[in-house]
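J.: The structure follows.
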Amino acid sequence: MSNNVLVITSKEDVTVDFVITKLRERNIEYYRFNTEDIGSCIDVYFDGTSYSLMDNRKDKHIKLIDFTSVYFRRPKLPQPLAGLTPGEQQFYLTEITTYLEGLYRSLSNKYWLNSIFDIRMLENKPYQLSLAKELELSVPDFSISNDYHKSLEFFQKHKSCIFKPLKSGLINEQGDEGKVIYTTRVDSHFLENIESHGGMPVYLQKEIEKDCDVRATVVGNNIFAAKISSQEQEVSKIDWRKSESMLSHDKIKIPEQIEKKCLMLCEKFNLDFAAIDFILDKKGQFWFLEINPNGQWAWIEILLNYPISDEIVNLLSSGGRRC
């Protein structure tokens, strides 16, 4: 059987273009399944045994059973049909979600980078923190509670704390582009309003005085580490994603013991890809922040000339076998 690669993503995913370019260069057969095209130009059929796609733009019939590897990136649901009530829209999206869930499960015997089900298992930040502690990675002291008094007690203990969303921090607002809640230093105004959060859990973390941030991109047995000079700009000191221009990036070598623990964390959840974030403090200590089992990486490849896309294609083309 040839090494065909099914790429599951969306049209707005530009990072996956790096991988597709390498697949083309190596003459590896692939199909890009932009899931938001379901119902417009892609039809999905289940015959009781396997799933197939009909790409009406290309007049092409695709049998999913023929693929050997799956690259799961950033799928999106299609827009609900016009004229539906909010309840009907929700029903429409739930039906498509359930249908896709079955499609994903039908491919469970294929090689995935990474499996959606393994991704879901590790996306929970409290769970990540407990695993990092089990591996004896250094984790900043933290508090997660919807009890105002617990949060206040934590703040009074450490004085300098930050607030972090438990998930992505992305807020989609109707009628505009939405907004992002970044990691933010806790101040008196935040604490004064914390009781109005109702039952929402509040994730506080002791602030670590940074030298820089470090992003470790794991692909198979390889780790590509980038030093991000987050302290160059005032606005990016707490959360480097808020930088007003591109921050300096440099290649950095992570201590061997921490590299081993990164690989152990990935191995535990069958991950062949992960983006792991650390703080490097002024004393040279690495502090684990979080692991994203489906994080972005293209900008690091561009800036530091790391062969991340090459290593991803190596795994996809070999069905996960490592040379």
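The values are calculated or read from the model by the stated rules, or taken from the named source; none is laboratory data. Note that this is a predicted model, so its numbers are computed, not measured. Cβ sites come from the backbone with ideal geometry, for glycine too, and all protein chains shown count toward neighbours. Side chains included, ligands, DNA and RNA excluded: accessible areas come from the protein's heavy atoms. Shrake-Rupley method; radii C 1.70, N 1.55, O 1.52, S 1.80 Å.
J.: Summing Lys, Arg as +1 and Asp, Glu as -1, what charge do residues with Cβ under 15 Å from the Cβ of Pro80 carry, Pro80 excluded? If you can, show how the numbers build up before the last one.
T.: On the way: positive: Lys76; negative: Glu36, Asp37, Glu88, Glu95.
Charge balance near Pro80 sits at -3.
J.: Let me ask something additional. Could you tell me how many cubic angstrom of Cα convex hull volume the stretch 188-265 has per residue?
T.: Numbers: hull volume 12.1 nm³, N = 78.
Measuring per residue, one finds 156 Å³ for the Cα hull of the stretch 188-265.
J.: Also, I was wondering about something else. Return the sequence-ordered ³J(HN,Hα) values of the stretch 28-37 in whole Hz as given by the Karplus equation 6.51 cos²θ - 1.76 cosθ + 1.60 applied to θ = phi - 60°, using x for Gly and Pro.
T.: Each residue of the stretch 28-37 in turn: 8, 5, 8, 9, 8, 9, 7, 5, 6, 7 Hz.
J.: How far apart, in nanometres, would the label points at Ile181 and Leu84 be if each is projected 7 angstrom from Cα along the Cα-to-Cβ direction?
T.: Distance between label points: 2.8 nm.
J.: Return the long-range amide H neighbours of Cys161 (sequence gap of 5 or more, or a different chain), with a cut-off of under 5 Å between placed amide H atoms.
T.: Val186, Glu207
J.: Would you list, by chain and number, the lysines whose Cα falls below 16 Å from the Cα of Lys260, excluding same-chain residues fewer than 8 positions away?
T.: Those lysines meeting the cut-off are Lys133, Lys268.
J.: If you roll a 1.4 Å probe over the chain with all protein chains in place, what percent of the accessible area is carbon or sulfur?
T.: Working: 8360 of 17030 Å².
Solvent-exposed carbon and sulfur of the chain make up 49 percent of the total.
J.: Just to be sure I understand the curve: with the Debye formula and one point per C-alpha of the chain, what is log10 I(q)/I(0) at q = 0.09, 0.10, 0.12 Å⁻¹?
T.: Values, matching the q order: -0.56, -0.68, -0.96.
J.: Can you compute the FRET efficiency between Glu123 and Lys157 using 1/(1 + (r/R0)^6), with r the Cβ-Cβ distance and R0 = 45 Å? Round to the nearest 0.05.
T.: Working: r = 29 Å, r/R0 = 0.64.
For Glu123 and Lys157, the calculated efficiency is 0.95.
J.: For the stretch 198-317, divide the Cα radius of gyration by the Kirkwood radius and give the resulting Rg/Rh value with two decimals. Walk me through the numbers before you get to the answer.
T.: On the way: Rg = 15.0 Å, Rh = 15.3 Å.
Checking Rg against Rh, the ratio lands at 0.98.
J.: Cα axis of helix 15-25 to longest principal axis of the chain: angle in degrees, 0 to 90, nearest 10?
T.: 40 degrees
J.: Continuing with the same structure: Mind listing which GluC sites (Glu not before Pro) in the stretch 74-159 are in a DSSP loop and have 12 or fewer other Cβ atoms within 10 Å? Could the numbers behind the result be given before it?
T.: On the way: sites: Glu88, Glu95, Glu101, Glu123, Glu134, Glu136, Glu153; in loops: Glu123, Glu136.
Here the GluC sites (Glu not before Pro) that fit, given the DSSP loop and packing criteria, are Glu136.
J.: Further question on the same structure: Which angle between 0 and 90 degrees, to the nearest 10, do you get for helix 148-158 versus the longest principal axis of the chain when only C-alpha atoms count?
T.: Between the helix axis and the principal axis of the chain, the angle is about 60 degrees.
J.: Here's a follow-up. Assuming a ≥ b ≥ c are the square roots of the Cα gyration tensor eigenvalues, decide whether the stretch 25-134 counts as rounded (a/c under 1.5), prolate (otherwise, with a/b larger than b/c) or oblate. Could the numbers behind the result be given before it?
T.: On the way: a/c = 2.08, a/b = 1.18, b/c = 1.77.
Taking the square roots of the gyration eigenvalues as a ≥ b ≥ c, the stretch 25-134 is oblate.
J.: Now, a different point. Using only Cα atoms and rounding to the nearest 10 degrees, what angle (0 to 90) does helix 86-106 make with the longest principal axis of the chain?
T.: Tilt relative to the chain: about 70 degrees.
J.: Rounded to the nearest 20 Debye, what is the dipole magnitude of the chain about its Cα centre when Lys and Arg each give +1 and Asp and Glu each give -1 at the C-beta? The partial results should precede the final answer.
T.: Numbers: 40 positive and 47 negative charges, 157 e Å.
Roughly 760 debye, rounded to the nearest 20.
J.: For the stretch 200-248, which GluC sites (Glu not before Pro) pass both filters: DSSP loop (anything but H, G, I, E, B) and at most 13 other C-beta atoms within 10 Å? List each step's numbers first, then the result.
T.: Details: sites: Glu207, Glu209, Glu232, Glu234, Glu244; in loops: Glu207, Glu209, Glu244.
Those that pass, being in a loop and sparsely packed, are Glu209, Glu244.
J.: Extension gain Tyr45-Lys283, at 0.36 nm per residue separation less the Cα-Cα distance, in nm? Don't skip to the answer; put the middle values down first.
T.: Values: separation 238, 0.36 × 238 = 85.68 nm, distance 5.76 nm.
Full extension of this stretch gives 79.9 nm more.
J.: When ligands, DNA and RNA are left out and all protein chains stay put, how many square angstrom of accessible area per residue does the chain have with a 1.4 Å probe?
T.: On the way: 17030 Å² over 323 residues.
Ligands and nucleic acids excluded, the result is 53 Å² per residue.
J.: Here is a follow-up. Which far-off residues, 5 or more places away or on another chain, put their amide H under 5 Å from the one on Asn292, with H placed in the peptide plane?
T.: So Asn292 has HN proximity to Ala275, Ile276, Asp277.
J.: If you find the alpha carbon centre of the stretch 149-169 and of the stretch 257-323, how far apart are they in angstrom?
T.: If we compute the Cα centre of each part, the gap is 28 Å.
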